[in-house]
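Only one structure is covered here, and it is reproduced in the block below.
The values are calculated or read from the model by the stated rules, or taken from the named source; none is laboratory data. Because the structure is a prediction, the values reported are computed rather than measured. Every residue, glycine among them, receives a Cβ derived from its backbone with ideal geometry; neighbour counts consider all protein chains shown.
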Amino acid sequence: MADKKIGVKVRKVIAFIYEVCFYMALLIAFFFSFYKILTYYGIFTPPV
Amino acid sequence: MILKKKFFTKFLPIFLSLLLALVNPLAVPLIYAQEIADVGVGETASADPSASPTPPPTETTETTAVDGSSSAGGVTGGNSEDVSSQSPSVTPEITPSPTVDTINSGGSSPEVTPSVSPSPLPTVDNAGDPVENLSLGTTEPAEGEAQPTIIPGTGDSAIDTGNADSLATIDTQVNDNQAVIPGQMSSSTDPCVPPVGETECPNGVTIENNNFSDVADIASSSALSGGNSITGSGGDAALTTGETVAGANVNNQVNTNLVAFEEPAGIGNSAEAATIEDLGIGSSNPESNEPGPVVVDNQNQGFLVNNLVVVSDSGQNQASENFGITTVATGDALAYANLVNFLNTNLVGSNFGIYLINLMDNFEGDINLDQIWQAIAKQAEKEGMKIVGDKNGFFLVTNDNQAEIKNNVNVLANTGVNQANANGGQTLVNTGDAIALANVLNFANLNLVGTNFFFPIVNIMGSFKGNLLLPRPEKFLPAETLVGTGNTQFFTEQGSAPVFENNNSAGVKSNVNTAATSGDNQANNSGGSAGITTGDAVSRTNINSLVNYQVLNSNWFFLTVNVFGDWLGKILGWTAPDSEEEVNNPSGGSFDFKLSQPKPTGGSLEEINPEIGVEATGETGSTPSPANDGQGAMVLNDNQAEIESRINVSANTGSNQANDNQQDTEIKTGKAKALANLFDFINANFWGSNWFFGLINILGGWQGNMVFTYPDVTTSLVGSSQRVQVGDSAQYTVYYQNKGLDEAQNVTLEVDLPEGLHYSGDNSGLPLTVNGQIYRWILGSLAPGKEGSFVVTVGFDNDLSPTEPISFWSRLFAVHAAEIAEEFRVVLAASIDTSDQESNTSNNQSFAITDVYKLASETNQTTVEDNHHQIVEEGGIDHRQPILELSVWNNINTFIYPGDTIRFEIIVKNISDVPSYDTVVTHALYNSVPEDFGIGEFYLGTVNPGERVVLRFGMYLMNNGILKPSHYRTVSQAFGYARDDSEVLSERVLTYFEIRLKELIPVFRVEAKEKEEDSGEVLGNFYCGIEEDLLPYLLVFLLSSLGLIEKSRRALAVKKKIRNKTK
């Protein structure tokens, strides 16, 4: 029983980590592409 | 459906963002990138594989008596008496042989220049007037001021003495005879082989030396800063003494006879060789071509007495009956004595070198003993001896020696024997380190024929940062190993076996005492606490005696390292060329490096260590000698020697007293190190041998490695171009270098060409041998650090077939065009080799990889060419020229802002009736100055008659400040080649635009993607710019937005659910 409980917990933790990573990846992709679009149109000029 | 949704919302954005992140750093910062649309046959468009980068009877009788005395003293403190240095000096003008080079380093670099003896000077007839009182003395005045005071009273008292240095030197050279025989010599192929060179004397030569000498040396050196006293002081008492260094170097060369062979002017031509008549000495049978006899007869009798006293003392201070705090602190004391005696030394075609290096203070840099050894070996090549004449040569050396040496050496270093008794306050006695060293070398009745002997002595008494380079052990391996020959071969060459007969009688008495003391301290009846801390005390005696020794064609390497100080380093190359051993016993240890042939006949090598009071007595011995028919070589040695050495070496930091003090009492003593090295070579007879005896004494600190030197040859092969078309040729640069520390001999360099490639030439100027597809250049010898390079031109055959196809990934990142029918890779290998062993063999090979391509059009071209030949000129060359027409357009009306992209369209048209080969379009950007901002090249390949090629691309002006607001123009031009290889070019076409304002950075970006109607296909593309297209980012942006929205929506839904549930 105890093993099963531990297994469930581990799975939950893994699922949580996966969710967080995925969400972070989405955010990074969003902001990165947004930044590139801004620079492309000259709205934002990166410092040299 | 769900999967699709997941794919679009989750995986795709991640994948795209990761891909972009990967592509960015891989992008090559080229100015241009291109994508070409082709019109016509469907050819062209490939990146330009731009080529980047780029003797008569002589008799000498000498009778000499010499008394040498030397005294030096440096005193501070005590009674402030400067112990005198008396020394009128008489230096005899005699070329030293054997050489004893003494180098004392005091802060500056000791220059170790390889000087080799003997030097072949004309015979010196000294006919000896007795020389007396030969002495050399050096005194270095002491620094500081002595204040030997007794101060009764109430105030504080202090004595602070400076440092004291003293050095005594005696160099004695008596009865030094040299004879140079005109002869013809040739060296052995291997310089490491005993220098049994070759001599062919046109006429007989007789050399006779009769020497008698009686030499007595007295050398005393003392450096004193101690012997101070403070008693009855009413306040505190502080007594501090400076460092003391006392040394003595005594070199005696008595009764030295040297016979060297001088190479005549016209070697190989006996007519030009010096004859006896030329030298004005006798004559034998000049009409005969057979060499006459060479007779060397040495009669030596010598007496040598040495008395050396070296005292270095910073102790023996007294600070007693003082009222306040009492301290006694003594400086370090160093005392050393180097005594080298040569008595009755007979050298025939031999080289003998002794190097004595004293590193006193701080020395940084390498000490290269290997270089000196090499100099000796090379000298041997020049002056070595090998008797030629087959059965008619007669060579006789007779040495009759009587030697008597008495050595009395006393070395004392003291920082202790201090007294601090009956003081009222705290009492502290702190003594410095004491180091005492004695090196005594006795060479008595040393007879060398065709032998190299090297004896370096390195005394590290200060701080040494650097490597010690030594000859590698292989040089001293048995001759059989090196050249596949040995004694037998040597004997055979003479036609008849030489006679090597030795009658020796020796009496050797050695009495060596070393003592190191840091104890025997007293701290009794203290009113407070009492403590005694003593430093380490180490003493060692090394005695090596070679008595009545016959060595015939034997090599020996022997090195003693005494580690009495701190050695931070490794031993490299001893056990193997690439070996690296840690020093396991860094301090207080002593170890020997030995490499020898089977023990030579007669005599004995005694290493008695560290016993004190050694007595060794040799007996008469002789080598078995084959029956002499009077036609070979004969060496007869008759030696008698009596040697007596008494050596006392003492280092003391202890024997301090601090009794009856009323408060706390403490005694701390420094380290005490005493070392004595005694080497006796008595009645030693050598024939055709290489001997290395070394002695390293580490008494101070050494940071560096002991390196047995090896060469390390390396090569690298670099192609001038990455891609080559079949039928073309390419240049490859071959670099080579000796990265090792020793000379590499018989170096060869090989380049291995694959099938289908052929050698077209090189610019090395080196001899070349060819074996199939292997090309070998002979470099000869490469000195350490020497490097070089040459260029080899290699042709690629038209029928070159693939051996290694290009990988998928290589294709992905390379530029390709559809017209390339076949592309593959060839590998050229270069390797370097030497006959010597190397410390690193992993860097002896190098490879150059070249991509080779075949154009599909080649086949077509051939057809076209064939047609032309048929139509235009039968069997001749077609001289018709293609005509290229160029038109260029850009999309700028008047001006543009930095950060914008200019679109260009270039149309190239071949309006002739012959094709233009290897057509290239260049596109350059200029402003008002002549320099361009970069030229882009577009390789179009063959443009056939009537064919039109359209290039469309964008030029992105980045805002990095390089492109200033100004008027700009672009200049475009097309180049091509006619069938007869003459170059054709189009008109230059200019376009103009203006850049206004905005501080943006120009970096070109290419975005041509157009494909004209019926213009064929897009032939390839690549991105090299820093900037990318917008589209992928837009996609990522959209998808990630969707993903985020979906994610938020779900989260909200979950929240709602929970809320509902709770409700």
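Miscellaneous remarks
- When residue B:325 is tested against (1) touching a strand residue (DSSP E or B) at 6+ places or on another chain (Cβ under 6 Å); (2) among the hydrophobic types (A, V, I, L, M, F, W, C); (3) farther than 30 Å from residue B:698 by Cβ, only condition (1) is not met.
- Every listed requirement among (1) under 30 Å from residue B:934 (Cα atoms); (2) buried (at least 16 other Cβ atoms within 10 Å of the Cβ); (3) at pLDDT 80 or above; (4) within 14 Å of chain A (Cβ to nearest Cβ) is met by residue B:1007 save one, (3).
- Scanning segment A:5-48 for residues being within 11 Å of chain B (Cβ to nearest Cβ) and in a helix (DSSP H, G or I) gives a total of 22.
- Some residue of segment B:390-398 being assigned to a helix (DSSP H, G or I) and either crowded, with 24+ Cβ neighbours inside 10 Å or modelled with pLDDT of 90 or more (or both): no
- The combined condition, being under 34 Å from the mean Cα position of the chain (by Cα) and at pLDDT below 85, is not fulfilled by residue B:548.
- Restricting segment B:880-907 to residues that are aliphatic (A, V, I, L, M) and outside any strand (DSSP E or B) leaves a set whose member that is nearest to the chain's Cα centre (by Cα) is B:883.
- Subset of segment B:303-325 (residues that are in a strand (DSSP E or B) and either buried (at least 24 other Cβ atoms within 10 Å of the Cβ) or basic (Lys, Arg) (or both)): B:304, B:306, B:308, B:310, B:312, B:313, B:319
- Any hit, segment B:920-927, residues being at pLDDT below 85 and among the hydroxyl-bearing types (Ser, Thr, Tyr): yes
- Filter pass, residue B:930 being farther than 16 Å from residue B:901 by Cα, modelled with pLDDT of 80 or more and more than 14 Å from chain A (Cβ to nearest Cβ): no
- From the list B:366, B:370, the one residue that fits, being of a type outside the set (A, V, I, L, M), under 24 Å from residue B:260 (Cα atoms) and assigned by TED's automatic domain parsing to the domain that holds residue B:407, is B:370.
- Selection within segment B:942-991 - away from chain A (no Cβ under 14 Å), under 57 Å from the mean Cα position of the chain (by Cα) and among the β-branched types (Val, Ile, Thr): B:942, B:970, B:971, B:984
- Residues being part of a loop (DSSP other than H, G, I, E, B), at pLDDT 80 or above and among the polar types (S, T, N, Q) - total across segment B:559-579: 1
- If the condition is being touching a Leu at 6+ places or on another chain (Cβ under 7 Å) and either among the hydroxyl-bearing types (Ser, Thr, Tyr) or facing chain A (nearest Cβ under 7 Å) (or both), then segment B:1028-1045 contributes B:1036, B:1040, B:1043, B:1044.
- When residues of segment B:802-845 are limited to those that are assigned to a loop (DSSP other than H, G, I, E, B) and hydrophobic (A, V, I, L, M, F, W, C), the one modelled with the highest pLDDT: B:806
- The residues of segment B:908-921 that are in a strand (DSSP E or B) and surrounded by 17 or more Cβ atoms within 10 Å (Cβ to Cβ), listed by number, are B:908, B:909, B:910, B:916, B:917, B:919, B:920, B:921.
- Flag for residue B:457 being within 34 Å of the chain's Cα centre (by Cα), part of a strand (DSSP E or B) and modelled with pLDDT of 85 or more: yes
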